[in-house]
Amino acid sequence: GKKLGYTFNNRNLHNVSLGQGQEVVAEQALDLAAKEGHWVILQNIHLVAKWLSALEKKLEQLSESSHQDFRVFISAEPAPSPESHIIPQGILENSIKITNEAPTGMQANLHRALDNFSQDTLEMCTQEKEFRSILFALCYFHAVVAERRRFGPQGWNCPYPFTTGDLTISANVLYNYLQASPKVPYDDLRYLIGEIMYGGHITDDWDRRLCKTYLEEFIKPEMLEGELLLAPGFPLPGNMDYNGYHQYIDDVLPPESPHLYGLHPNAEIGFLTQSSEKLLHTVLELQPRDSGTGEGGVGTREETVKALLEELLEKLGDEFNMAELMAKVEERTPYAVVALQECERMNVLTREIRRSLLELELGLKGELTMTSDMENLLNSLFLNMVPESWVRRSYPSTASLGPWFGNLLARITELEAWTGDFALPSTVWLGGLFNPQSMLTAIMQSTARKNKWPLDKMTLQCDVTKKSREDFAGPPREGAYVHGLFMEGARWDAQAGLIADSRLQELTPAMPVVFIRAIPADKQDTRAMYPCPLYKTRQRGPTYVWTFNLKTKDNPSKWVLAGVALLLQV
């Protein structure tokens, strides 16, 4: 066994970890095991994709003449997508398949987290009470960050591969620090766990803030005084033995709900709605598209698309005449520059829409040969999806074709009104811009020029008014009024002028008009404020625009855990 380079023990078990040229070793192990009736474990076969066809043939040969006790166990990491499935069909068909599914729900996740330890673990630290309390809080933290993924972008901006290794290493760090220090170093523990052990996976700054906030809520001096609630109705347990903790989870943990993660119940509604839409969209894509459905089916499909593209072309107006607009601008103020840039971007998009639709129209008439791009456009229009070539020149959006095109026409109308005299609109539709950051920067530039302030020492202040768009007759003297914002994860209480808990089934309530103005950074008041991120769509992540401070009576950490954000589109 030693000569072949794999492990062999008295249970007649050969264990080969594949990768780095171990295929020959694996084949030698299989030959020996098949002859002697041993067992072989081949680990990580996803690392040797090119060898798998040879393995399939090898197993087929050995199955005909091997010892009756010969067995082969194969393990692999799950494939990230259906296209990445590489295990040959022959191996799959002739094997008993076992998958290790991640637990679902807080109770299962918390039990699984605690299963990584034992009674011996609980007794190994000299500061036993402190160690047990913080270890249980760590298990709850691990369960929360792992299961929060199912709430989509409101849970985490990006999904992260948190593993039990992160938890066990964090427990080792906890043990080492408590053994070395008579006092619990809360700050050090939170930093190591939140910024290194778990934070090492995290790439998004807002997700890092979320991870840090969880640890600030779960690991603090109050936990040793019996005053810490890990979730509503779930206090941190006292000093128990290992089985007692498992029993405590079964007896005391409230029923599964978003409250266990600090989220509002609406988060579940939003997640389930998006999952349902995705499923229905997939079912729609599975519809037959070729001539096999019969001539009537194809005719109906092409006629539907032809009628749709004629309607789209009819509604799509002319491009903006950039030469005329440039000549009309008397002074190239920051706001005028934003308007001109938006018109240029809109021209690029509408030019592509018109070109592709006219090309497809000729193809459907038989005057042009149908290309793959035209076929893709045809399929997108039929499935009510925004075509790929339009998406590349467009703004981020999660809408289907109908609402997307309606939104496009509204954006064009808004730009036409703005470029009529290039006066700043009484309220700006921030979500109607390709690049909303440019408008926010223009507010700072305009104020900086007027007051002769250094631009790098300025910031934006966001004051939420009690009025709607119709209540404003003109723009403010400085800054801009902005409409069309929505809040997810909470709502804005216009009467109190504060962030408040969402109402059930109101997933993204509209915000009143917001007054945005530039002020010197050192004059900014951050007391009783929640730094709220603004995103272009509910996908969050890369659609981040800006951060606005919003007034709150509650601790800002409540809104961090609830995933509260402002959105430009819903």
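The residue that is farthest from Gln28 (Cα to Cα), counting only those in the stretch 53-86 that are open to solvent by 60 Å² or more (accessible area, probe 1.4 Å) and part of a loop (DSSP other than H, G, I, E, B), is Pro80. All conditions in (1) open to solvent by 40 Å² or more (accessible area, probe 1.4 Å); (2) assigned to a helix (DSSP H, G or I); (3) more than 30 Å from Arg71 (Cβ to Cβ); (4) in contact (Cβ under 8 Å) with a residue 12 or more places away in the chain hold for Tyr140, with the sole exception of (1). Of everything in the stretch 178-204 that is open to solvent by 80 Å² or more (accessible area, probe 1.4 Å) and among the hydroxyl-bearing types (Ser, Thr, Tyr), the residue that is nearest to the chain's Cα centre (by Cα) is Thr203.
Within the stretch 112-134, restricting attention to residues that are closer than 30 Å to Ile45 by Cβ and part of a helix (DSSP H, G or I), the residue that is least open to solvent (accessible area, probe 1.4 Å) is Ala113. Whether any residue in the stretch 206-214 is open to solvent by 10 Å² or more (accessible area, probe 1.4 Å) and modelled with pLDDT under 90 is what I want to check. Among the residues of the stretch 206-214, not one is open to solvent by 10 Å² or more (accessible area, probe 1.4 Å) and modelled with pLDDT under 90, which makes the answer no. Scanning the stretch 143-155 for residues that are assigned to a helix (DSSP H, G or I) and touching a residue at least 24 places away in the same chain (Cβ under 8 Å) yields Ala143, Val144, Val145, Ala146, Glu147, Arg148, Arg150, Phe151, Gly152, Pro153, Gln154.
Residues considered: Thr537, Thr459, Thr526, Thr508. Of these, the only one that is surrounded by fewer than 17 Cβ atoms within 10 Å (Cβ to Cβ), of a type outside the set (A, V, I, L, M), part of a loop (DSSP other than H, G, I, E, B) and not assigned by the TED database to the domain that holds Ala339 is Thr526. Any idea how many residues of the stretch 99-110 are open to solvent by less than 40 Å² (accessible area, probe 1.4 Å) and touching a residue at least 60 places away in the same chain (Cβ under 8 Å)? Selection size over the stretch 99-110: 3. Taking helices (runs of 4 or more DSSP H) as the structural unit, those lying wholly within the stretch 287-402 and holding at least 1 residues that are of a type in the set (Gly, Ala, Ser) and exposed (fewer than 15 other Cβ atoms within 10 Å of the Cβ) correspond to 295-315, 322-328, 372-382. Residues in the stretch 147-163 include at least one that is in contact with a strand residue (DSSP E or B) (Cβ under 7 Å, 6 or more places away or on another chain) and either crowded, with 21+ Cβ neighbours inside 10 Å or at pLDDT below 95 (or both). If you filter the stretch 257-286 down to residues that are charged (D, E, K, R) and under 17 Å from the mean Cα position of the chain (by Cα), you find that the one that is surrounded by the fewest Cβ atoms within 10 Å (Cβ to Cβ) is Lys278.
Conditions (1) open to solvent by 40 Å² or more (accessible area, probe 1.4 Å); (2) more than 29 Å from Pro185 (Cβ to Cβ); (3) in contact with a Leu (Cβ under 7 Å, 6 or more places away or on another chain), marked per residue:
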position	(1), (2), (3)
Glu217	yes, no, no
Gly226	yes, no, no
Gly233	yes, yes, no
Tyr242	no, no, yes
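For the stretch 485-500, filtered to residues that are of a type in the set (Gly, Ala, Ser) and part of a loop (DSSP other than H, G, I, E, B), the residue that is farthest from Asp554 (Cα to Cα) is Ala494.
Annotation: of all residues in the stretch 511-523 being in contact (Cβ under 8 Å) with a residue 40 or more places away in the chain and open to solvent by 70 Å² or more (accessible area, probe 1.4 Å), the one that is nearest to Phe434 (Cα to Cα) is Arg517. Condition first: aliphatic (A, V, I, L, M), out of contact with any Lys or Arg (no Cβ under 8 Å at 6 or more places or on another chain) and modelled with pLDDT of 85 or more. Can you find one or more residues in the stretch 57-64 that meet it? Scanning the stretch 57-64 turns up at least one residue that is aliphatic (A, V, I, L, M), out of contact with any Lys or Arg (no Cβ under 8 Å at 6 or more places or on another chain) and modelled with pLDDT of 85 or more.
The values are calculated or read from the model by the stated rules, or taken from the named source; none is laboratory data. Note that the structure is predicted; figures quoted are calculated from it, not measured. FYI the Cβ positions are ideal-geometry reconstructions off the backbone, even for glycines, and counts take in every protein chain you see. For the accessible areas, the whole protein counts, side chains as well, though only heavy atoms, and no ligand, DNA or RNA atoms are used. Shrake-Rupley method; radii C 1.70, N 1.55, O 1.52, S 1.80 Å.
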